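A short write-up of the structure that comes next.
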Amino acid sequence: MERIFSGVQPSGNLTLGNYLGAIRNWVKLQDDYESIFCVVDMHAITVWQDPEELRRATREVAAGMLAAGVDPKKNILFNQSNVPAHAELGWVLNCVARLGWLNRMTQFKEKAGKHKENASCGLYVYPNLMAADILIYKATHVPVGDDQKQHLELARDIAQKFNNDFQKEVFPLPEPMIFGSATRVMSLRDGTKKMSKSDPSDYSRIAMTDDADTIAKKVRKAKTDPHPIPESVDGFEDRAEAKNLMNIYAALSDVTLADVCQQYGGQSFADFKKALTDLAVEKLSPISQEMQRYMADPAEVDAILKEGGERANAIAQPVMDEVKDVVGFLRP
Ligand code: TRP
């Protein structure tokens, strides 16, 4: 049976980037795969999180998934820290992965910045925990955004080295599933930077909980350029902001970027922004309303996560036992 695992971090508010790049695709996959979706709270604390805010954000991410259409009966939806095997396998994989492999990870370099010595040890071994997330379920497919490709290649290397070191085919090598044009939604203020929950400017992102007025204001203020909309995809050179807005439109309406160029080519951005606002409000407001409903009822969200955690644990525990036996840990 083909099995999907994917995760979203509960840090800050969910953005349009999380929706178009991850959650929306999961909803499409849930009918064809056995799917395990995880709120990765243990990854979140690799940088400082306020405890109360972490709890809130964990529920919000779960609410976002549920509101977007993830079915918690058909799939497993849970938070990572509630299934101990992630941390247990994470430790074993810390001892499989090589320093040289982690030193190549571009996300660590970006996140640690100039003050590498001050970064948490967790931030450094973050990719090993991510490998554990996937391998503890022997997942075969992992839907991720573009920026996670390198981490997934590392997970494959770790799986391969583990199998090879112990001469047992314990882990299947997980396949990345990278999605179409809007897998990378960029900042509304700077089209070369990813749309991020942690950007200091609120105008750089659309949050999944933004109401219609807020969406309209943010789209209106989004950076563009003075040129008309290009008529083909060749017309985006040095126009990262223009491309980003049109990519968002394409993703929200489920057409290609080329289709959007054909439809709006030659028009002004003022007109296009109106169309984009209407489309974004139409697609997002039902989701944000449903999210508010879940957020107002944390007990319902917690019950769903609890049940998901129990089902996840039932899969993970026997795999952890198998790993212990293979590694040589005594289970008295
Ligand atoms: N690192 C991923 C991100 O920031 C989140 C994540 C953690 C993940 N574990 C995972 C994604 C396992 C896919 C599979 O987007």
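Defining a contact as two alpha carbons under 8 Å apart and six or more residues distant in sequence, what relative contact order in percent does the chain show? Kindly include the intermediate steps, with their values, before the conclusion.
Values: 515 pairs, mean separation 77.0, N = 332.
Relative contact order, the chain: 23 percent.
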Problem set entry | Whole-Hz ³J(HN,Hα) from phi, Karplus 6.51 cos²θ - 1.76 cosθ + 1.60, for the range 36-47, glycine and proline x | 10, 10, 10, 8, 8, 5, 5, 5, 4, 7, 5, 10
For this session: Pull out a ≥ b ≥ c, the square roots of the eigenvalues of the alpha-carbon gyration tensor of the chain, then state rounded if a/c is under 1.5, prolate if not and a/b is larger than b/c, and oblate in the remaining case.
Result: prolate
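Arrange the residues Asp32, Asp133 by how much accessible surface each exposes, largest first, with a 1.4 angstrom probe. Don't skip to the end; give the middle numbers.
Details: Asp32 115, Asp133 5 Å².
Sorted by accessible area, descending: Asp32, Asp133.
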Problem set entry | the chain: angle of helix 298-327 to the longest principal axis, Cα-based, in degrees nearest 10 | 40
Exercise. Mean separation of Cα pairs under 8 Å and 6+ residues apart, divided by the residue count of the range 46-160: what relative contact order is that in percent?
Worked result: 32
Seminar exercise, completed: The answer for the chain, accessible area per residue at 1.4 Å probe in Å², is 47
Exercise. Hey, what angle do you get for helix 121-135 against the long axis of the chain, alpha-carbon based, 0 to 90 degrees rounded to 10?
Worked result: 80
For this session: Quick one: among Gly235, Gly21, Gly100, which has the greatest mean-square fluctuation in a GNM of the chain with alpha-carbon springs under 10 angstrom?
Result: Gly100
Problem set entry | Helical mean residue ellipticity (222 nm; -39500 (n - 2.57) per DSSP H run of 4+; nearest 500) of the chain | -16500 deg cm²/dmol
Exercise. What angle, in degrees between 0 and 90 and rounded to the nearest 10, separates the Cα long axis of helix 269-295 from the longest principal axis of the Cα atoms of the chain?
Worked result: 40
Problem set entry | Long-range HN-HN contacts of Glu175 with modeled amide H, under 5 Å | His141, Val142
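Please state, as a whole number in µm²/s, the translational diffusion coefficient that the Stokes-Einstein equation yields for the range 202-293 at 4 °C and 1.567 mPa s, with Rh defined as the Kirkwood radius across alpha carbon pairs. All intermediate terms of the calculation are to be shown ahead of the outcome.
Values: Rh = 13.5 Å.
Answer, rounded: 96 µm²/s.
Assigning unit charges at the beta carbon (Lys, Arg +1; Asp, Glu -1) and nothing else, what dipole magnitude in debye, to the nearest 20, does the chain show about its Cα centre?
The calculation lands at about 660 debye.
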For this session: Please report the relative contact order for the range 241-311, taking Cα pairs under 8 Å with a sequence separation of at least 6, and give it as a percent rounded to a whole number.
Result: 23
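Please get the size of the charge dipole for the range 202-293, origin at its Cα centre, with Cβ charges of +1 on Lys and Arg and -1 on Asp and Glu, quoted in debye to the nearest 20. Walk me through the numbers on the way to the answer.
Working: 12 positive and 16 negative charges, 69 e Å.
Taking the Cα centre of the range 202-293 as origin, the dipole is about 340 debye.
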For this session: Pick out which of Val70, Val92, Val255 has the largest mean-square fluctuation in a Gaussian network model of the chain, springs linking Cα atoms closer than 10 Å.
Result: Val255
For this session: Using the charge dipole of the range 202-293 (Lys, Arg: +1 at Cβ; Asp, Glu: -1 at Cβ; taken about the Cα centre), state which of Ala216, Leu252, Tyr264 has its Cα farthest towards the positive end.
Result: Ala216
For this session: Could you please state how large a percent of the accessible area of the chain is carbon and sulfur, counting protein chains only and using a 1.4 Å probe?
Result: 51
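What's the FRET efficiency of Thr256 with Trp101 using the Cβ-Cβ distance as r and R₀ = 35 Å, to the nearest 0.05?
Details: r = 36 Å, r/R0 = 1.03.
After rounding to 0.05, the efficiency reads 0.45.
The values are calculated or read from the model by the stated rules, or taken from the named source; none is laboratory data. Everything numeric here is computed off the predicted structure, so don't read it as measured data. Cβ sites come from the backbone with ideal geometry, for glycine too, and all protein chains shown count toward neighbours. Accessible surface is based on the protein model in full, side chains and every heavy atom, while ligands, DNA and RNA are left aside. Shrake-Rupley method; radii C 1.70, N 1.55, O 1.52, S 1.80 Å.
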